[in-house]
Amino acid sequence: MLTVIGVRFKRVGKVYYFDPCGITVKRGQSVIVETARGVECGECAMGNTEVSEREVVSPLKKIIRIATERDLEVARENERQAKEAYQIARRKIEEHKLDMRLVAVECTFDLNKILFYFTADGRVDFRGLVKDLAAIFRTRIELRQIGVRDEAKMIGGLGICGRELCCASYLGDFQPVSINMAKEQNLSLNPAKISGTCGRLMCCLKYEHEVYSELQKVTPKTDSLVETPEGRGTVLSTQMLRGTCKVQLEDAPDEPRVFACTDCQMIRSGRAKKNNNNNNNGNNHGGECCQNCAKQQKQPEIDPMQEQEPVAVAQPPVRPRNEKPRRVKAAPQSTEDKPAAPARKPRREAPDGSDRPRLVKAAPPKDAVEQPAQETGENTESGEVVRRRRRRRGGAKRRRSSGEGNATPSAE
């Protein structure tokens, strides 16, 4: 357990823990403490109290002393200088034509830093403004952008209820508020009625959220079928705070009755009734629709627990993207009625003593017509035609040196 005191720096703000350093501080006294922003003067909101170490955010800052009359005069002088700095900063913002709104100005106790709070729709380049303010005040300048809820808390005002804003009067921290809270309380979803001065959802929607959540568990929903002491009926409307519901009885359809929610027993929820109405929509009128519906009702029902054989569905084969398509060879066709294909251009046989492989063309088919050897080819003793190899660069010089270029085709 640690002994701490709680200090608040604004009239309505968060309470921070500090180490009293053995000094007994009473609630309401002003103290001088050391913070991350520098030395500041605050008000004690909680005297010496023992708390667990889990509740303390380390490192725990220490108080310097209890504020004296001289310290209080310095604090009042700092507030006066902050108001002057506010007017100067507004003029500089207009000179630089910046799209920002100045909200408040604060000075630390030792005037080591001046903080300017502003709001803006987007990012603002205020580097030129900071240079001008630093040249005027001769101290560190910090511009901090805040949200619309913090702006309403600093400025203050009156809510639609006629009272002072909750955030400016007693709320220390902002609690998350959602639109579902307004739905559970059966409020109108008109933004003008559920939004506060800041333009966000009102913080007071959070206050009664837990109570409405508990009442919803025992309150039947609209269009639900319930059993009442006087018979079965349908819920027309409910009042959760009073704990009553208006029911239209089946036996007395003329005038609805009001019953306590505890006296009504739920038979069917209103959501289930709406789903059934949507499913049965179109079955209460004649024509082709009713005939089709009758045919569908006559179809035998399938037992989901009964095992059924899987039905094979033919699907085209799926080929991977990286796989290339295969070439399909054509089936051999008979050559009885087709003319013989012309013989390919023969190639020359490699010279004797050469290590080059010889490419010899196979003998032509028997049915093919014999063609005389071309001038660029040679015939062997077996009647096969030798095809000439492709020429390479510089091949003409080699043929001249070896005498191959002067060879003439031989005829049988």
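All of the numbers you see were taken from the coordinates with simple rules; none came from a lab. In this text the structure is predicted, and so the values were computed from the model without any measurement. A quick note on method: Cβ atoms are made from the backbone with ideal geometry, for glycine too, and the neighbour counts reach across all protein chains shown.
A few comments on the model shown:
- Segment residue 188-residue 21, extension gain: residue separation times 0.36 nm, minus the distance between their alpha carbons: 54.8 nm
- Using a Förster distance of 60 Å, the FRET efficiency for residue 265-residue 104 (Cβ separation, nearest 0.05): 0.55
- In terms of other Cβ atoms within 10 Å, 245, 161, 261, 107 run from fewest to most in the order 161, 261, 107, 245.
- Sorted on the mean count of surrounding Cβ atoms within 10 Å across their residues, most packed first, peptides 180-191, 144-155 read 144-155, 180-191.
- Surrounding net charge for residue 27, when Lys and Arg each add one and Asp and Glu each subtract one, Cβ distance under 11 Å: +1
- Theoretical FRET efficiency, 1/(1+(r/R0)^6), r = Cβ-Cβ of residue 175 and residue 87, R0 35 Å, to 0.05: 0.50
- Rounded to the nearest 20, the Cβ-based charge dipole of the range 115-180 about its Cα centre (Lys and Arg +1, Asp and Glu -1) stands at 220 debye.
- Net charge over other residues, Cβ less than 14 angstrom from the Cβ of residue 196 (K, R count +1; D, E count -1): +3
- With a threshold of 28 Å on the Cα-Cα distance, the over-threshold entries among 62/206; 14/183; 217/246; 26/206 are 62/206; 14/183; 26/206.
- Karplus-derived 3J(HN,Hα), 6.51/-1.76/1.60, for each residue of the range 224-236, Hz, glycine and proline x: 7, 9, 10, 10, 9, x, 9, x, 8, x, 10, 6, 9
- DSSP-loop GluC sites (Glu not before Pro) across the range 188-257, with at most 12 other Cβ within 10 angstrom: 250
- Relative contact order of the range 75-146: 30 percent, from C-alpha pairs under 8 Å at least 6 residues apart in sequence.
- With a Förster radius of 22 Å applied to the beta-carbon distance between residue 125 and residue 94, the computed FRET efficiency rounds to 0.90.
- Exposure proxy ranking, count of Cβ atoms within 10 Å, fewest first, for 207, 17: 207, 17
- For the range 3-40, the residues whose backbone nitrogen is under 14 Å from a point 7 Å from the Cα of residue 48, taken along Cα to Cβ, are 3-6, 19-27.
- Going by neighbour counts of Cβ atoms within 10 Å, the residues 266, 202 line up, fewest first, as 266, 202.
- Relative to one another, the C-alpha centroids of the range 82-106 and the range 25-41 are positioned 28 Å apart.
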